[in-house]
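Have a look at the structure below before the remarks.
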Amino acid sequence: MTDARHIEAQIYERLSKVIDPELGRSITDLGMIAAINAVGVTSQDDGDVPSYDVTVHVELTVEGCPLSQTITNQINGAIVSYPDAKLTPHIEVSSMSHDKLADLVAGLKAERKQNPFNRPGVKTRIFAIASGKGGVGKSSVSANLAATFAALGYDTAAIDADIYGFSLPKLFGVHTQPTNLNGMLMPVTAWGVKLISIGMFAGADRAILWRGPRLQRSLEQFLSDVWWGDPDVLLLDLARAPRHGGFQWLRRCRTRNSSSSPLRSRRLRMWRCAPVWSHCRCR
């Protein structure tokens, strides 16, 4: 193996530690590194230290990816920190072909055919925030909990499941839609929180009149059709409880965790707005 080929192999190994911020996978595992070319250059300033121009061809999942600069900076850092030679990086960014992207998404979807949070051994802690009526600060509690978990260093996700009164996008200052990768949605990240809401698709001034199966399917899609990765915490900002059932409709969420898990019978945790609950006519 020539010195240039050795450099290329070493750079590829170093790039395997660069993680895509959205998908949570190595950019080499995702097939984003199309090619690496190292060319030796003559330099009189560095003595016996060999110098190379390293060109990395990067294929992002979508054209104009908002995280393109973040990924590029990480690649540059991995190259210039190489200890045994002086490397000058040149990053060429393009987007994946339709067929390559389709194969990538199909592989990712194959791992998540069902609700990923209902798998045996899942470590995500799920919190449901609910109230007996609207307008009591439930979404504010959800947003502040999510931002606090993220600030403490936890990988945090939040689902605005309040279909009729979605407000998390406004609270987080989100005005963009999730990225669509061939039918797989990437949540919007704000304040360190991965966020999805029906308000991102319907608009803040539209009323949602869904009922029954269509409503249930929308919530299932938020869980299974959105790429969450493996968050430490998932918060559900639920719609207000129906008048006829109070909180009885929100049942315990039992997961089939292994017996070695500290949460052998994990429950879906509820945060009640106590002052309102004490006066709620649903009781």
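The values are calculated or read from the model by the stated rules, or taken from the named source; none is laboratory data. Just so you know, these numbers come straight off a predicted model, no measurement behind them. Don't worry about glycine lacking a Cβ; one is built from the backbone with ideal geometry, like all the others, and counts go over all protein chains shown.
For ALA110, all conditions in the list (1) in contact (Cβ under 8 Å) with a residue 24 or more places away in the chain; (2) out of contact with any strand residue (DSSP E or B) (no Cβ under 9 Å at 6 or more places or on another chain) hold save one; what is the number of the exception?
Just one mismatch for ALA110, condition (1).
Exactly one condition in (1) surrounded by 18 or more Cβ atoms within 10 Å (Cβ to Cβ); (2) free of Cβ contacts under 8 Å to residues at least 12 places away in the same chain; (3) not charged (D, E, K, R) is not met by ILE126; state its number.
For ILE126, the exception is condition (2).
Which one of ASN37, ASN76 is surrounded by 12 or more Cβ atoms within 10 Å (Cβ to Cβ) and not in a strand (DSSP E or B)?
Details: ASN37 fails: not in a strand (DSSP E or B).
Going through ASN37, ASN76 in turn, the sole match is ASN76.
Looking at the stretch 34-55, which of the residues that are at pLDDT below 85 and acidic (Asp, Glu) is farthest from SER94 (Cα to Cα)?
Across the stretch 34-55, the extreme among qualifying residues is ASP48.
Looking for whichever is in a loop (DSSP other than H, G, I, E, B) and either crowded, with 18+ Cβ neighbours inside 10 Å or outside the structural domain of PRO187 (by TED's automatic domain parsing) (or both) here; the options are VAL56, VAL62. Which one fits? First the steps, then the outcome.
On the way: VAL56 fails: in a loop (DSSP other than H, G, I, E, B).
Unique residue meeting the criteria: VAL62.
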